[in-house]
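Student: Sharing a structure here in structure tokens format.
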Amino acid sequence: MRRKTEFERVRIYGMQSFAKRTDILGIGYDRFTMEEAFKTAEGLMLGQAGRAAYIVTPNPEIVWASRSNPALKEAVNGADMVIPDGIGVIYASRILGRPLKERVTGYDLSLLLLESLSRAGGRVFLLGARPGVAERAAVELERKYGGLNICGTNDGYFADEEPVVQKINAAAPDLLLVCLGFPKQEIFMFKNRDRLRVGLMMGLGGALDHYAGDMKRASEIWIRLNLEWLQRLIAHPSRIGRMMKLPAFLAAAVIERLRSGKRAEG
Ligand code: UDP
């Protein structure tokens, strides 16, 4: 009989719903379309988890790093939502024979949530990036989403977390965008989830640089062709070292598939 490789995690939202996760090299992904992810995240923003909920957006680089960083792995798998950011994760899910529905990028999901909050007059706190970036991102976001209330900002280069947690709690946002890069952002959310007065947090890497206009996102055509990574590489050739993790990640998926095939035969 074929060995069951997919694991299930049951999490309680409110009291009733649960999600089944798909194991991609040790990280359990939620099987969401963008629409499903958006609806679930909206519910979490309203406090359905009963504490500060958090979303992680692991791309292949994060999955790869989590194999040798148990604290990162625990923080990622402990999230209320784990969404497949990066086409490499979708390819790996197909190689492994348990395809995820579609790519759900954290950045695009954040834009949907910001729009939804702007309609409801919701509160957002921006945490991360170099000093000054979050403030400029706030101006841009409030201009783009009239009605949105950016209730606080803080740069991402702090030595002591305590005053930052207090500042966030005083602002009590519906949505906290945690843009500290990995593994710092995942570990920050995992560690502080029980003491933060927040509806929902999202780990979003360099998103504040993008909102502020310091970094341009790939144009629509590159995104549609799933070649956003190539556009990023051309714009920032120094990322080559980081991107070389992708072939290793896909090779690991092929090896796992071959091994599970052998186990099934045996
Ligand atoms: N960053 C931070 N604190 C740190 C390290 C990084 O706030 O201690 C910020 C950094 O300024 C950048 C973001 O985290 O804005 C990481 O961006 P990157 O492009 O590496 O993330 P990606 O979007 O590729 O995951």
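Student: Restricting attention to the range 163-196, which residues are on the phi > 0 side of the Ramachandran plot and either in a helix (DSSP H, G or I) or more than 9 Å from the ligand (Cβ to nearest atom) (or both)?
Tutor: Hit for the range 163-196 is A172, nothing else.
Student: Follow-up question, since we're still on this one. Can you find a residue that is more than 16 Å from the ligand (Cβ to nearest atom), among the polar types (S, T, N, Q) and more than 18 Å from G86 (Cα to Cα) anywhere in the range 238-260?
Tutor: Yes, the range 238-260 has at least one match.
Student: If I ask for residues that are within 16 Å of the ligand (Cβ to nearest atom) and either among the hydrophobic types (A, V, I, L, M, F, W, C) or exposed (fewer than 15 other Cβ atoms within 10 Å of the Cβ) (or both), which ones from the range 106-127 would you list?
Tutor: If the condition is that a residue be within 16 Å of the ligand (Cβ to nearest atom) and either among the hydrophobic types (A, V, I, L, M, F, W, C) or exposed (fewer than 15 other Cβ atoms within 10 Å of the Cβ) (or both), then L109, L111, F125, L126, L127 are the ones that fit.
Student: Could you grab the pairs with beta carbons closer than 7 Å, sequence gap of 6+ or different chains, first residue in the range 138-160 and within 21 Å of D108 (Cα to Cα) and touching a residue at least 40 places away in the same chain (Cβ under 8 Å), second one within 15 Å of the ligand (Cβ to nearest atom) and assigned to a helix (DSSP H, G or I)?
Tutor: Close Cβ pairs (under 7 Å, with a partner that is within 15 Å of the ligand (Cβ to nearest atom) and assigned to a helix (DSSP H, G or I)) amount to E140/Y211; L141/Y211.
Student: For the range 118-126, does any single residue satisfy the condition of being over 27 Å from V139 (Cβ atoms) and out of contact with any helix residue (DSSP H, G or I) (no Cβ under 7 Å at 6 or more places or on another chain)?
Tutor: Checked against the condition, which is being over 27 Å from V139 (Cβ atoms) and out of contact with any helix residue (DSSP H, G or I) (no Cβ under 7 Å at 6 or more places or on another chain), the range 118-126 yields no hits at all.
Student: Further question on the same structure: When you scan the range 230-258, how many residues do you find that are of a type outside the set (A, V, I, L, M), assigned to a helix (DSSP H, G or I) and either surrounded by 12 or more Cβ atoms within 10 Å (Cβ to Cβ) or at positive phi (or both)?
Tutor: 8
Student: Moving to a separate point now. Being surrounded by fewer than 16 Cβ atoms within 10 Å (Cβ to Cβ), of a type in the set (K, R), more than 18 Å from V198 (Cα to Cα) and within 16 Å of the ligand (Cβ to nearest atom) is true for just one of R136, R130, R103, R94. Which residue is that?
Tutor: Just one listed residue meets the conditions, R130.
Student: Any chance the range 197-207 includes a residue that's surrounded by fewer than 24 Cβ atoms within 10 Å (Cβ to Cβ), under 21 Å from I150 (Cα atoms), more than 13 Å from the ligand (Cβ to nearest atom) and not β-branched (V, I, T)?
Tutor: yes
Any read-out appearing in this document is the output of simple, stated calculations on the displayed coordinates, not a laboratory observation. This one's a predicted model, so the numbers in the text were calculated from it and none came from an experiment. Glycine also receives a Cβ, built like all others from the backbone with ideal geometry; neighbour counts cover every protein chain displayed.
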